[in-house]
1. Considering only residues of segment 140-190 that are assigned to a strand (DSSP E or B) and β-branched (Val, Ile, Thr), which is modelled with the lowest pLDDT?
2. Which residue, of 126, 86, 98, is under 20 Å from residue 179 (Cβ atoms), out of contact with any strand residue (DSSP E or B) (no Cβ under 6 Å at 6 or more places or on another chain) and in contact (Cβ under 8 Å) with a residue 24 or more places away in the chain?
3. From the list 4, 51, which one is within 30 Å of residue 106 (Cα to Cα), polar (S, T, N, Q) and modelled with pLDDT under 75?
4. Report, by residue number, each residue of segment 91-119 that is open to solvent by 20 Å² or more (accessible area, probe 1.4 Å), in a loop (DSSP other than H, G, I, E, B), of a type outside the set (Ser, Thr, Tyr) and over 11 Å from residue 164 (Cα atoms).
5. Determine which member of the set 137, 193 is of a type outside the set (Lys, Arg), in contact with a Leu (Cβ under 7 Å, 6 or more places away or on another chain) and in a strand (DSSP E or B).
6. So which residues in segment 79-130 are over 17 Å from residue 153 (Cβ atoms) and of a type in the set (D, E, K, R), if there are any at all?
7. Applying the selection to segment 120-134, what residues are closer than 23 Å to residue 91 by Cβ, open to solvent by 20 Å² or more (accessible area, probe 1.4 Å) and not in a strand (DSSP E or B)?
Amino acid sequence: MTITPMPSVPAGPDTGRWSGTRRHTAEFLRHVCRRWYLYLPVAVIWGLAYTRLYIDPTPRLPVLFNWTASLPYRVALVRHTPHAIERGDYIVFSFAGEAQASYPGLHGQPFFKQVRGLPGDVVTVEGRTVSVNGEVVGLAKTHAFDRQPLEPIAATVIPPGHYFVQGTGPDSFDSRYRSSGLVRADQVIAIVVPLF
């Protein structure tokens, strides 16, 4: 019995391109395997960032790193133990303001702010100047960084279980704005002790 070889299939125009892509991919993987110690930290950082953005934004480490200009502190200790919140405390809380309807990525994101108003305090607004118990705490900007209009918070008496929070930077997105609003006690994740 004689076996006839199969006729060869002529190479198409993409055959060389795909084999080149496979070769480059194999070379890159060999490079990564040889230099794994360089790529491991990058993979860990990307993994933590992905987890924080898409799975669970709650800070789990006892140290908080702040990269925004809303507060002058870059590193702080996180205390998860129960503690009565007082005026002047720094807290980290899970965002739940109205702005999450327009910016879904804000939902549940941890914010780091200072408590400026407690339950029973009176919030007043004159023009865009916001005060707590008669003390001016800041000026509400007219527009966000992306040119979306911003409305100041409505005058109110802070209800039980709510807090007025604020950053020290002029661009801080905080309780001065209706779309951020007051922070409920159940949003508070931890008290934060700034280090530097």
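1. This residue is 189.
2. Going through 126, 86, 98 in turn, the sole match is 98.
3. On the way: 4 fails: within 30 Å of residue 106 (Cα to Cα).
None of the other options fit; the residue is 51.
4. Result: 96, 107, 109.
5. Just one listed residue meets the conditions, 193.
6. Correct list: 79, 86, 87, 89.
7. Across segment 120-134, the qualifying residues are 120, 133.
The values are calculated or read from the model by the stated rules, or taken from the named source; none is laboratory data. Being a predicted model, the structure only gives us computed values, none of them experimental. All Cβ positions, even for glycine, are placed from backbone atoms using ideal geometry, and neighbour counts span all protein chains on display. The protein model used for the area step is the full one, side chains on, heavy atoms only, and it has no ligands, DNA or RNA in it. Shrake-Rupley method; radii C 1.70, N 1.55, O 1.52, S 1.80 Å.
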